[in-house]
Amino acid sequence: MKKMKKLAALFCASCMVVTALAGCGKKETSQTAETGSAATTEKAAESGSGELIALITMDSIDQHWVTLNEGAQKAAKELGVTVQFMAPNTKDDAQQIECVNNAVSAGAKAIIVAANGPDAISSALKEAASSGVKIVYVDSPANVEAEATFSTDNKAAGKTAGEEMLKALEAAGVTSGSIGVINVNAATDSCVMREEGFRSAFEGKGYTILETQYGEGDAAKSQSIAENYITQGVVGIFGCNEGSTTGAGNAIKASGKEGIIGVGFDKSDAIMGLIDDGYLLCTMAQNPDVMGYEGVKAAVAAIGGESLGGKVTDTGVSVLTAGAAGAAAAAPAKASKEWKIALITMDSIDQHWVTLNEGAQAKAAELGVTVTFMSPNTKDDAQQIECVNNAVAGGYNAIMVAANGPDAISSALKEAEAAGVKIVYVDSPANVEAEATFSTDNKAAGKTAGEEMLKALEAAGVTSGSIGVINVNAATDSCVMREEGFRSAFEGKGYTILETQYGEGDAAKSQSIAENYITQGVVGIFGCNEGSTTGAGNAIKAAGKDGIIGVGFDKSDAILGLIDDGYLLCTMAQNPDVMGSMGVEACVQALEGNSLGGEVKDTGVSVLKK
């Protein structure tokens with residue numbers, strides 16, 4: 001059935017290419033995880049009005065692009081627009097340029113594009129933009145300004161791939177040797193960044209990374225390259241995209257040699273089969289459906305006149321190993337029974353948690369399970385422990401939890417596990433093993449927040465001064481990591497980061513702390529969560545002082561208002577709805593008997609500015 005679905009998807013994609021080139025087509029629908037707020041979706045829907053949007057990827061065959069199109073079609077249906085999949089059958093610059101030109105001729109109001117390279121189609125995109133067509137990038141940008149970009153942090157993901165290979169080699173006692181790299185070409189930005197990240201993981205180690213070979217993303221060509229690497233006695237091979245990874249795995253399989261560690265990128269049935277059979281160690285699985293979905297939303301918003309500020313959104317990546325790949329392949333369309341899942345967050349009031357619950361409820365309806373939002377009204381360890389105990393007593397089969405701290409509720413969670421309850425973390429884990437964790441890479445996002453403040457201060461000519469930090473407490477893992485990342489951005493700079501003050505996530509308490517910082521003459525304030533950020537912005541507003549740079553975390557109407565009014569520079573917007581949706585799916589998989597291997601998935605973050 002899976003094979004038939006894939007063939008059907010490919011057939012539809014091919015048909016859409018033909019109809020698109022003729023300047024006509026129809027809408028398609030599919031299922032994928034919804035991201036973003038309902039308010040944003042409704043606003044975008046008002047701007048839709050049946051407009052034509054072209055989706056141009058590198059080819060129309062790789063499962064990565066097929067899945068991206070599925071996400072785009074889902075958004076198209078919701079927003080009342082037509083998305084035409086106009087990708088060429090194979091990766092070819094001339095054909096991709098032709099697709100761009102055909103989209104303009106067909107009257108497309110926006111083009112969503114995964115560019116073959118930073119310059120390969122830039123001229124065509126510039127002409128499209130000059131004609132009034134809105135440009136949105138998915139997966140791979142070009143060197144032309146766009147409304148927004150939705151992609152993986154490819155360098156970071158490539159480094160993770162390298163670290164996974166390194167761990168496997170060292171575990172096998174292999175501390176030196178040659179490693180081959182198969183890339184698409186030397187121009188495609190996403191793949192170049194993956195390779196750069198991969199190579200960085202081996203710096204200072206006793207391995208030799210061989211000269212990169214290019215297979216044009218073709219599995220057969222990549223297999224031939226990998227076979228040549230194997231004859232050279234490599235201990236590992238890295239594939240930078242779906243075709244490269246499939247080719248590497250097939251070559252390792254055909255060689256019959258054990259001990260060659262294959263690591264790759266992207267997710268397909270072929271790759272997951274090679275992982276399950278032991279010919280590949282793991283793959284870095286992106287979220288192409290999220291790229292497609294968010295890309296359409298951004299295109300519609302831009303068509304409607306909304307300024308997106310060229311924002312770049314990391315759509316996340318996860319490491320799929322044999323256990324995780326098997327579980328993903330076995331994910332049920334519907335649960336086998338009406339499982340009861342308790343959702344316990346830090347409180348039930350912050351918009352972050354409300355949105356997380358919305359994502360959970362949507363997935364629960366899709367899978368036919370019940371999710372009960374059992375969170376306390378305020379952040380309190382004792383109340384959160386009580387919620388966990390009540391879930392166990394109430395016969396719940398799984399608990400999705402955003403833990404107040406790593407140890408605050410650990411005893412209660414251990415008792416729940418002992419009673420057979422499955423544990424899945426969203427946003428913030430505790431020091432208890434769980435089936436899976438879905439959260440932001442908080443340290444990296446915190447560093448980004450610091451870098452944004454640093455750039456703004458330097459642009460204003462402020463090269464020294466004190467900066468205040470408002471956190472929730474000293475225990476909540478997610479917020480502690482954000483602060484750590486933020487502080488790291490200022491290392492070696494001429495600023496003084498003051499001692500952290502704790503506002504318990506309460507906006508009023510945080511405002512009082514921020515006001516005290518302002519009396520000390522700070523040049524910037526960082527808020528580590530929604531309440532902290534709101535309080536900081538309100539204090540800057542009340543002070544009436546220009547020049548204090550406020551940067552924060554999380555997204556709410558209040559925070560976005562403070563950004564629009566100029567009292568905050570930006571906020572790091574997470575994807576709590578994705579956490580909730582994926583958390584429910586993981587609970588169901590675990591309850592259905594699938595092993596998730598304790599996977600930790602980064603659900604992405606974006607910088608929201610005025």
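The values are calculated or read from the model by the stated rules, or taken from the named source; none is laboratory data. All values reported here derive from a predicted model rather than from experimental measurement. Reconstructed Cβ throughout: ideal geometry from the backbone, glycine too, with neighbour counts over all protein chains shown.
Scanning region 134-160 for residues that are over 16 Å from the mean Cα position of the chain (by Cα) and in contact (Cβ under 8 Å) with a residue 60 or more places away in the chain turns up 134, 136, 145, 146, 147.
Within region 82-98, which residues are of a type in the set (A, V, I, L, M, F, W, C), surrounded by fewer than 24 Cβ atoms within 10 Å (Cβ to Cβ) and in contact (Cβ under 8 Å) with a residue 24 or more places away in the chain? Within region 82-98, just 97 meets the criteria. What are the residues in region 176-189 that are surrounded by fewer than 24 Cβ atoms within 10 Å (Cβ to Cβ) and modelled with pLDDT under 95, if any? The answer is 185, 186, 187, 189.
Pairing residues of region 401-417 that are assigned by the TED database to the domain that holds residue 382 and crowded, with 17+ Cβ neighbours inside 10 Å with residues that are modelled with pLDDT under 95 and in a helix (DSSP H, G or I), at Cβ distances under 6 Å and at least 6 apart in sequence or on separate chains, gives 404/381; 408/381.
Residues in region 524-543: is at least one among the basic types (Lys, Arg), out of contact with any Gly (no Cβ under 8 Å at 6 or more places or on another chain) and outside any helix (DSSP H, G or I)?
So far as region 524-543 goes, no, none of its residues is among the basic types (Lys, Arg), out of contact with any Gly (no Cβ under 8 Å at 6 or more places or on another chain) and outside any helix (DSSP H, G or I).
Would you mind finding the one in 202, 198 that is closer than 22 Å to residue 252 by Cβ, more than 20 Å from the chain's Cα centre (by Cα) and not aliphatic (A, V, I, L, M)? It is 202. From the list 420, 468, 450, pick out the single residue that is assigned to a loop (DSSP other than H, G, I, E, B) and either surrounded by fewer than 20 Cβ atoms within 10 Å (Cβ to Cβ) or touching a residue at least 24 places away in the same chain (Cβ under 8 Å) (or both). After applying the criteria, what remains is 420. Residues in region 513-527 that are crowded, with 16+ Cβ neighbours inside 10 Å and more than 13 Å from residue 467 (Cβ to Cβ): 513, 515.
From the list 236, 215, which residue is of a type outside the set (A, V, I, L, M, F, W, C) and either touching a residue at least 40 places away in the same chain (Cβ under 8 Å) or in the same structural domain as residue 64 (by the TED database) (or both)?
Values: 215 fails: either touching a residue at least 40 places away in the same chain (Cβ under 8 Å) or in the same structural domain as residue 64 (by the TED database) (or both).
Exactly one residue qualifies, and that residue is 236.
Among the candidates 428, 375, which residue alone is outside the structural domain of residue 507 (by the TED database), polar (S, T, N, Q), touching an Asp or Glu at 6+ places or on another chain (Cβ under 8 Å) and in contact (Cβ under 8 Å) with a residue 60 or more places away in the chain? Matching residue, one of 428, 375: 428. For region 577-584, the count of residues that are modelled with pLDDT of 95 or more, more than 25 Å from the chain's Cα centre (by Cα) and not hydrophobic (A, V, I, L, M, F, W, C) is zero. Can you report the number of residues in region 109-159 which are hydroxyl-bearing (Ser, Thr, Tyr) and either in contact with a strand residue (DSSP E or B) (Cβ under 6 Å, 6 or more places away or on another chain) or surrounded by 21 or more Cβ atoms within 10 Å (Cβ to Cβ) (or both)? Matching residues across region 109-159 total 5.
Go over the candidates 285, 298 one by one and state the one that is under 18 Å from the mean Cα position of the chain (by Cα) and free of Cβ contacts under 8 Å to residues at least 60 places away in the same chain.
285
Working carefully through the options 436, 430, find the one that is surrounded by 21 or more Cβ atoms within 10 Å (Cβ to Cβ), more than 18 Å from residue 378 (Cα to Cα) and touching a strand residue (DSSP E or B) at 6+ places or on another chain (Cβ under 6 Å). After ruling out the rest, the residue left standing is 436.
Exactly one residue out of 198, 202 is of a type in the set (Phe, Trp, Tyr), buried (at least 24 other Cβ atoms within 10 Å of the Cβ) and either without any contact (Cβ under 8 Å) to a residue 60 or more places away in the chain or in contact with a helix residue (DSSP H, G or I) (Cβ under 8 Å, 6 or more places away or on another chain) (or both), and it is 198.
Just checking, how many residues over region 534-550 are touching a residue at least 40 places away in the same chain (Cβ under 8 Å) and under 14 Å from residue 449 (Cα atoms)?
Of the residues in region 534-550, 1 are touching a residue at least 40 places away in the same chain (Cβ under 8 Å) and under 14 Å from residue 449 (Cα atoms).
Among the criteria (1) among the aliphatic types (A, V, I, L, M); (2) closer than 27 Å to residue 161 by Cα; (3) modelled with pLDDT of 95 or more, the one residue 522 does not fulfil is (2). Among what's in region 471-509 and is farther than 20 Å from residue 455 by Cα and among the β-branched types (Val, Ile, Thr), pick the residue that is surrounded by the fewest Cβ atoms within 10 Å (Cβ to Cβ). Here the answer is 500.
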